[in-house]
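Asks: I am attaching a structure below and will ask some questions about it afterwards.
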Amino acid sequence: MDFLGSHAPQLLPGNRALPPMQGAVEIPHGTTIVAASFPGGVVLAGDRRATMGNVIAQRDIEKVFPADEYSAVGIAGTAGLAVEMVKLFQLELEHFEKVEGVQLSLEGKANRLSTMIRSNLGMAMQGLAVVPLFAGWDVDRQKGRIFSYDVTGGRSEEHGFAATGSGSVFARGSLKKLFRPDLTESQTTTLVVQALYDAADDDSATGGPDLARRIYPIVTVITDEGFRKLTEAECSEVVRAIHDRRLEEPDGPRAALL
Amino acid sequence: MSTPFYVSPQQAMADRAEYARKGIARGRSVVVLQYTDGVVFVAENPSRALHKVSEIYDRIAFAAVGKYNEFENLRIGGVRYADLRGYTYDRDDVTARGLANVYAQTLGNIFSSAGEKPYEVELIVAEVGAGPENDQIYRLPHDGSIVDEHGSVAVGGNADQISAYLDQRHRDGMTLSEALKLAVESLTRDNNGGERTLTAEQLEVAVLDRTRPQQRKFKRLLGRQLSRLLEGASGASAADEPDEPEGPAEGAEGSESPEE
């Protein structure tokens, strides 16, 4: 934010002096975020685990946040920096809306996030990367859109589905086989939870649904009615349905061979 | 070298106050009333784009009369102050009292600095609390003083007359529709006792509604919803309206509704 930059630059994440490195840093990292679009909107979901090396730092971290009424951001990477980046991003969107009287366009929001990630490049080179996934409802074009990023702030629009974080390789494979462009909202929520399940299956840093502790993935839906986070009850229903099926078929649904 | 004319400080201040008051009196009025679920702002304003009433922060809103460029400047200053506070500390640490103090300092400095002309504006800063007894309304006249108001307040052209009218008729626990109708009645009475009619198109109406599930309690009442409230349908609350997208604008923790 321009005002914060000129008035109190020390509060901006990119303007911090970097201490000299002393060995490897052990700080919590968030892991897998997935997103998929459907005809009336877009779904963004994330697992709940934060890892610190081989240790599970937190098993109920939340990594998907509303950015404003029509968009959400999910973060993988250094948890502390990412949460602060999201906070600043939320603030900036709200500030713009209040000062100008209108919301930023979805494209504008995506570009702004890109700049913020780029400002973190110095830290990213020291191992403190933040790589978000941004999804929102484009009010002008009347469709859900997904944007993915790299550590340098490079932004690319994803069509259909996307994943980021350490489990993204497995999640993307799962999404690729299960995604269809004509899914309904509830089918899409099932799809993303399936993908997270598969990511957790093969990636130790991604947490699967924890039925015993009732810790389920965070699933958010953004449609023309705005941002909505699935309640614990709704999530538990989706997760249990998948879990029950997986008791019979541990690898999940099979795609056709040809 | 010529000697400037001597003007006594009293005279200088009186002139400046007179200048500012005249500027303010030219504009249309804004009234702010407490109702059972919050605070309602009603302004006579035919423009859809240039607002007299605006959101500052979660529970705080701003209303102004006078010169547009001057109060717009103050509004943006207020939004910046509030957002910076909220980011540095916490969203709960942004209060109407703090904001009113900042405005009072700014207006006071401008009013008494010899180099600048005084701002021709009068502001209202209001905040909704958890219950009607926690609501705060501050009126800030052009000279930088702060007046703590309760129940109802009017600023602008016929402020004295409108305030007197409102003071007689406003009571605690009014519904939104009742408060709105009273506000419009007060605005339609002009100087010489006659009455004009104001339609929904000529009004700018906004509420700070404590029953809104979102963290941001500010909401503009527009179009059909406003006409419906003006016509009657008493007891209808802004939060019941179906056209409002549900879900918090800000922060996942905003999704629960504390007052419901």
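The values are calculated or read from the model by the stated rules, or taken from the named source; none is laboratory data. It should be emphasised that the depicted structure is a prediction, and the values quoted were computed from it without experimental measurement. Cβ: placed from backbone, ideal geometry, glycine included. Neighbour counts: every protein chain shown.
Asks: Does region B:53-77 hold any residues that are out of contact with any strand residue (DSSP E or B) (no Cβ under 7 Å at 6 or more places or on another chain) and among the hydrophobic types (A, V, I, L, M, F, W, C), and which are they?
Replies: Across region B:53-77, the qualifying residue is only B:I76.
Asks: A further question on this structure: Any chance region B:172-183 includes a residue that's in contact (Cβ under 8 Å) with a residue 12 or more places away in the chain, loosely packed, with under 12 Cβ neighbours inside 10 Å and of a type outside the set (G, A, S)?
Replies: yes
Asks: Of all residues being among the polar types (S, T, N, Q) and at pLDDT below 95 in region A:190-222, which is surrounded by the most Cβ atoms within 10 Å (Cβ to Cβ)? Just the residue, please.
Replies: A:T206
Asks: Identify, from the list B:A206, B:A200, the residue that is within 14 Å of another protein chain (Cβ to nearest Cβ) and of a type in the set (G, A, S).
Replies: B:A206
Asks: Any residue at all in region B:81-96 that is of a type outside the set (A, V, I, L, M, F, W, C), in contact with an Asp or Glu (Cβ under 6 Å, 6 or more places away or on another chain) and more than 12 Å from chain A (Cβ to nearest Cβ)?
Replies: No: zero hits.
Asks: Check every one of the strands (runs of 3 or more DSSP E) wholly within region A:40-106 and list those with 2 or more residues that are within 13 Å of another protein chain (Cβ to nearest Cβ) and buried (at least 24 other Cβ atoms within 10 Å of the Cβ).
Replies: Filter on region A:40-106 gives A:41-46, A:64-68, A:71-78.
Asks: Would you check which residues across region A:208-230 are without any contact (Cβ under 8 Å) to a residue 60 or more places away in the chain and either at the interface with another protein chain (Cβ under 9 Å from one of its Cβ atoms) or of a type in the set (K, R) (or both) and list them?
Replies: A:R214, A:E225, A:R228
Asks: Now for a different question. Among the candidates B:R169, B:R196, single out the residue that is at pLDDT below 90 and over 25 Å from B:Y57 (Cβ atoms).
Replies: The unique qualifying residue is B:R196.
Asks: Right, next: Kindly establish whether B:Y103 is at pLDDT 95 or above and either within 14 Å of chain A (Cβ to nearest Cβ) or under 24 Å from B:D160 (Cα atoms) (or both).
Replies: Here the answer is yes, as B:Y103 does meet what is asked.
Asks: Look through region B:18-63, keep the residues that are within 14 Å of chain A (Cβ to nearest Cβ) and among the β-branched types (V, I, T), and return whichever of them is farthest from B:R171 (Cα to Cα).
Replies: By that ranking, first place goes to B:I56.
Asks: Kindly state which strands (runs of 3 or more DSSP E) lie completely within region A:161-258 and contain at least 3 residues that are in contact with a Phe, Trp or Tyr (Cβ under 9 Å, 6 or more places away or on another chain).
Replies: Numbers: elements: A:161-164, A:218-223, A:226-229.
In region A:161-258, A:161-164, A:218-223 are the strands (runs of 3 or more DSSP E) which contain 3 or more residues that are in contact with a Phe, Trp or Tyr (Cβ under 9 Å, 6 or more places away or on another chain).
Asks: Now a separate question. Please work out which residue is nearest to B:E149 (Cα to Cα), limiting yourself to region B:70-118 and to residues that are part of a helix (DSSP H, G or I) and among the β-branched types (V, I, T). Give the steps one after another, and end with the answer.
Replies: Of region B:70-118, the ones part of a helix (DSSP H, G or I) are B:70-88, B:91-93, B:96-112.
Filter again for among the β-branched types (V, I, T), leaving B:76, B:79, B:88, B:102, B:106, B:110.
Values: B:I76: 23, B:V79: 22, B:T88: 29, B:V102: 18, B:T106: 20, B:I110: 24 Å.
Among those residues, the one meeting the criterion is B:V102.
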